[in-house]
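This report refers to the structure that appears directly beneath it.
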Amino acid sequence: MRPMLGALALLVATVATAAAAETDPMATAAMQTQPPDKERSPWQFEVAPYVWISGAAGTFDVHGRSTSFDIGPGNVIELLFEGNALAGAGFFSARYERFFGFVDAFGAYLKDSVDAKVPTRFCCVSLTAVQRVRPVVIDVGVGYQLGEWTLPKRLRPVSLDAYVGMRYTHFGIDLAAGVGAGNFQRQVAASDEFNWADPLIGLRGEIPVFDRLSLGYRGDIGGFGVSSDLIWGVEGDLRYWPKWSPLSSAQTWLGLGWRIVAFDRSFHGANSVDMRLSGPTAGVGFLF
């Protein structure tokens with residue numbers, strides 16, 4: 001009986017204290033002078049290393065002669081497991097309130113070779129060919145957040161950004177071919193590099209799908225005859241925001257998506273290239 005009476009007395013005392021605090025101006029002032037929660041910093045940074053398994057399709061025109069090619073992401077994966085491909089990419093963004101800047105860089109190395117023997121009536125002819133390609137695509141931009149809207153029961157808000165920037169593209173190509181028949185051997189090698197930069201404008205943002213799942217999107221267009229006749233890009237990825245993060249001061253997301261970058265460029269003379277890079281992406285991002 002005594003424990004029950006003691007608990008009842010403690011409950012009555014707690015309620016009486018709370019009621020007194022509501023009516024006592026000094027207690028109310030003390031509660032109001034408690035330090036507020038730490039304000040959100042106007043600065044925000046995002047770092048996201050990712051992998052882009054990009055295939056390539058398009059047409060080359062060289063001195064009036066046209067050739068088409070189509071290398072899918074599956075071919076790139078085969079070269080990767082054979083040790084003849086290497087690729088990496090990374091995204092960095094810095095934002096101050098509504099203004100932001102970003103850098104998105106991708107680089108790869110691809111090697112493909114052919115080694116064949118062709119029997120003839122007189123001897124066996126051997127044919128060899130090795131091709132090395134080094135594509136690099138770097139986007140740099142600055143922009144402004146047009147809006148951000150919070151949805152109920154959603155961890156991430158709806159956001160929409162506009163940006164202007166530049167896309168730098170580099171292609172390095174090395175070709176080596178050989179033919180042999182008996183004591184006759186002939187080797188031919190050639191290499192070249194192409195570099196150009198184009199202005200671009202675009203939109204990007206994020207849409208929450210579920211509480212911890214969102215859709216990131218980005219699209220841009222450019223060229224406008226400055227360097228290329230036309231360039232454009234589209235990408236989207238599903239991002240999962242886990243509760244746990246390896247960095248205590250950052251929010252972490254895991255993403256899977258698809259990216260396409262295309263350009264149509266005419267070089268000096270009768271040379272031109274119309275190419276589209278396309279393939280899946282996978283990455284991890286840290287938001288500070």
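The values are calculated or read from the model by the stated rules, or taken from the named source; none is laboratory data. This is a predicted model, so every value here is computed, not measured. For neighbour counting, all protein chains shown are included, and Cβ atoms are generated from backbone atoms with ideal geometry for every residue, glycine included.
Each row is one residue, and each column tells you yes or no for (1) among the aliphatic types (A, V, I, L, M); (2) more than 22 Å from Leu160 (Cβ to Cβ).
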residue: Gly205; (1), (2): no, no
residue: Arg212; (1), (2): no, no
residue: Leu215; (1), (2): yes, no
residue: Gly233; (1), (2): no, no
residue: Pro242; (1), (2): no, yes
residue: Ser249; (1), (2): no, yes
residue: Val273; (1), (2): yes, yes
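The set of residues in region 81-106 that are within 12 Å of the chain's Cα centre (by Cα), of a type outside the set (Asp, Glu) and surrounded by 14 or more Cβ atoms within 10 Å (Cβ to Cβ) comprises Ala89, Gly90, Phe91, Phe92, Ser93, Phe102, Val103, Ala105, Phe106.
Only one of Pro199, Pro208 is touching a Gly at 6+ places or on another chain (Cβ under 9 Å), under 28 Å from Val140 (Cα atoms), not in a loop (DSSP other than H, G, I, E, B) and not acidic (Asp, Glu). Can you tell me which? Step by step, each of Pro199, Pro208 is checked, and only Pro199 is touching a Gly at 6+ places or on another chain (Cβ under 9 Å), under 28 Å from Val140 (Cα atoms), not in a loop (DSSP other than H, G, I, E, B) and not acidic (Asp, Glu). When Gly90 is tested against (1) in contact with a Leu (Cβ under 9 Å, 6 or more places away or on another chain); (2) modelled with pLDDT of 75 or more; (3) part of a strand (DSSP E or B), just one condition goes unmet, and that condition is (1).
Is it true that some residue in region 36-45 is among the polar types (S, T, N, Q), in a strand (DSSP E or B), at negative phi and modelled with pLDDT of 80 or more?
Yes; the residues of region 36-45 include at least one that is among the polar types (S, T, N, Q), in a strand (DSSP E or B), at negative phi and modelled with pLDDT of 80 or more.
Trp258 fulfils the conditions (1) surrounded by 14 or more Cβ atoms within 10 Å (Cβ to Cβ); (2) in contact (Cβ under 8 Å) with a residue 24 or more places away in the chain except for a single criterion, (2). Looking across region 137-177, the residues that are modelled with pLDDT under 95 and either outside any strand (DSSP E or B) or touching an Asp or Glu at 6+ places or on another chain (Cβ under 6 Å) (or both) come down to Thr150, Leu151, Pro152, Lys153, Arg154, Leu155, Arg156, Pro157, Gly172, Ile173.
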